[in-house]
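Structure record follows, encoded as structure tokens.
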Amino acid sequence: QVQLVESGGGLVQPGGSLRLSCAASGSRISINTMAWYRQTPGKQREQVATITLGGFTNYLDSVKGRFTISRDNAKNTVYLQMNSLKPEDPAVYYCNKLAALQWSWGQGTQVTVSS
């Protein structure tokens with residue numbers, strides 16, 4: 001059973017930064033393309049960023065240039081550095097592998113942007 005534990009969320013002012021972490025146990029992230037997702041109430045979960053085994057990254061247009069996904073295979077952890085946070089970024093952020101059959105979702109970490 002794979003367990004994903006997201007952390008690092010919180011309340012920041014517009015323009016602020018947060019670094020999210022996603023620690024996986026029970027399977028290795030090193031053999032998977034990993035992704036960060038976010039979800040707001042009443043909306044579908046959307047894919048924010050992905051990182052391949054080779055380190056290639058891809059981003060949702062609205063976060064390009066502001067968010068950076070990275071991975072530490074030795075720590076079995078994926079990160080999302082979020083800079084210049086905007087009022088439209090608040091959501092619960094989750095990580096998972098990018099696959100048709102994904103692992104069970106973690107509890108996510110709440111990001112709130114407010115002055």
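Just one residue in the set Gly55, Gly65, Gly106 is part of a loop (DSSP other than H, G, I, E, B), open to solvent by less than 60 Å² (accessible area, probe 1.4 Å) and modelled with pLDDT of 95 or more; that residue is Gly106.
Taking the conditions exactly as written (in a strand (DSSP E or B) and either small (Gly, Ala, Ser) or open to solvent by 50 Å² or more (accessible area, probe 1.4 Å) (or both)), does Leu11 satisfy them or not? Taking the combined requirement at face value, the residue satisfies it.
Under the condition of being among the aliphatic types (A, V, I, L, M), in contact (Cβ under 8 Å) with a residue 24 or more places away in the chain and over 14 Å from Val78 (Cβ atoms), the residues counted in the stretch 48-64 number 1.
Of everything in the stretch 68-89 that is farther than 23 Å from Ala24 by Cα and of a type in the set (D, E, K, R), the residue that is most open to solvent (accessible area, probe 1.4 Å) is Glu88. Just so you know, in the stretch 32-46 the residues that are touching a residue at least 40 places away in the same chain (Cβ under 8 Å) and of a type outside the set (Val, Ile, Thr) include one that is most open to solvent (accessible area, probe 1.4 Å), and it is Arg45. Here Val92 does not fit the description of being surrounded by 17 or more Cβ atoms within 10 Å (Cβ to Cβ), in contact with a Leu (Cβ under 9 Å, 6 or more places away or on another chain) and not small (Gly, Ala, Ser).
Does Ser115 satisfy the condition of being in contact (Cβ under 8 Å) with a residue 12 or more places away in the chain, assigned to a loop (DSSP other than H, G, I, E, B), open to solvent by 30 Å² or more (accessible area, probe 1.4 Å) and farther than 16 Å from Gly26 by Cβ? Here the answer is yes, as Ser115 does meet what is asked.
The values are calculated or read from the model by the stated rules, or taken from the named source; none is laboratory data. On a predicted model such as this, the values are computed, not experimentally measured, just so you know. Please note: Cβ atoms are built from the backbone with ideal geometry, for glycine as well, and neighbour counts cover all protein chains shown. Heads up: the accessible areas ignore ligands, DNA and RNA and are worked out on the full protein's heavy atoms, side chains in. Shrake-Rupley method; radii C 1.70, N 1.55, O 1.52, S 1.80 Å.
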